[in-house]
1. Using only alpha carbon pairs under 8 Å that are at least six residues apart, calculate the relative contact order of segment 4-166 and give it in whole percent.
2. Which label belongs to the value computed from this structure, given these candidates for Cα extents along the principal axes in Å: (1) 43, 40, 23; (2) 61, 35, 25; (3) 45, 35, 29?
3. If amide hydrogens are placed 1.01 Å from N in the peptide plane, which non-local residues have theirs closer than 5 Å to the one on Leu121?
4. Let me spell out the model: positive unit charges on the Cβ of Lys and Arg, negative unit charges on the Cβ of Asp and Glu, origin at the Cα centre of segment 4-166. What dipole size does that give, in debye rounded to 20?
5. Name the residues whose placed amide hydrogens come within less than 5 Å of the amide hydrogen of Val167, ignoring near sequence neighbours (fewer than 5 apart) on the same chain.
6. Can you work out ³J(HN,Hα) from phi for every residue in segment 77-87, in order, using Karplus 6.51 cos²θ - 1.76 cosθ + 1.60 and θ = phi - 60°, giving whole Hz and x for Gly and Pro?
7. Rank these for me by crowding, Met108, Met14, going from fewest to most other beta carbons within 10 Å.
8. Go ahead and collect, in residue order, the members of segment 79-98 whose backbone nitrogen is under 12 Å from a label point 7 Å along the Cα-Cβ direction of Arg116.
Amino acid sequence: MTDDNEVEQIIGEMAQQLRALLTRRGIDDPLLVGIHTGGVWIAEHLHRSLVLSEKLGTLDISFYRDDFTRIGMNPQVKPSELPFSVDDRHIILVDDVLFTGRTVRAAMNEIFDYGRPSSILLVTLVDRGGRELPIQANVVGKRLALEPGQQVKLTGPEPLHLTISAVSERGAGRRDA
């Protein structure tokens, strides 16, 4: 679907959009948090581009999903790491693909278990539509209209590459990439 340079270019454009959004909102010291796994890869690129002072935070929302009884537990659960206090801070939450909104809802639930941020901005590489929850990204790299039965997947970490494929039987129950 994309070549490796295109993903890098999209992330560069996202960094510019995000920088402009932060300036408009008067946010000068945000915290960046990536959702495992693809969101972390993108967040690492954005963290370098934005030259943020705080370390990058990571979330594994496996235990916060509302559908893990249907889709099963992720066999490779990683620990979440928020090496900072989120209280009264502006959070930039990064995910690779925004679909139903359930991953983002789960991530926000986990963030609020750590404290009460001032705000949360959502950044996603791909918005593929199909929302089941009222969640909207503030910065989107690419919008895709996929046919039923198709999914988009980010592979990486180096190089990052987007592919569109048919949903496998095993992944058919998974609603949010």
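1. On the way: 297 pairs, mean separation 38.1, N = 163.
Averaging sequence separation for qualifying contacts and normalising by length gives 23 percent for segment 4-166.
2. Matching entry in (1) 43, 40, 23; (2) 61, 35, 25; (3) 45, 35, 29: (3).
3. It is Ile91, Ile92, Leu93, by chain and number.
4. Details: 17 positive and 22 negative charges, 71 e Å.
Magnitude of the dipole: close to 340 debye.
5. Under 5 Å from the amide H of Val167 lie the amide H atoms of Gln150, Gln151, each far enough along the sequence or on another chain.
6. Here the 3J(HN,Hα) series is 5, 10, x, 7, 9, 10, x, 7, 7, 8, 4 Hz.
7. In increasing order of surrounding Cβ atoms, one gets Met108, Met14.
8. Residues 87-89 fall inside that zone.
Only the coordinates and a few stated rules stand behind these numbers; no lab work does. Note that the structure is a prediction, hence the values are computed from the model and not measured. So basically every Cβ, Gly included, is an ideal-geometry build from the backbone, and we count neighbours across all protein chains shown.
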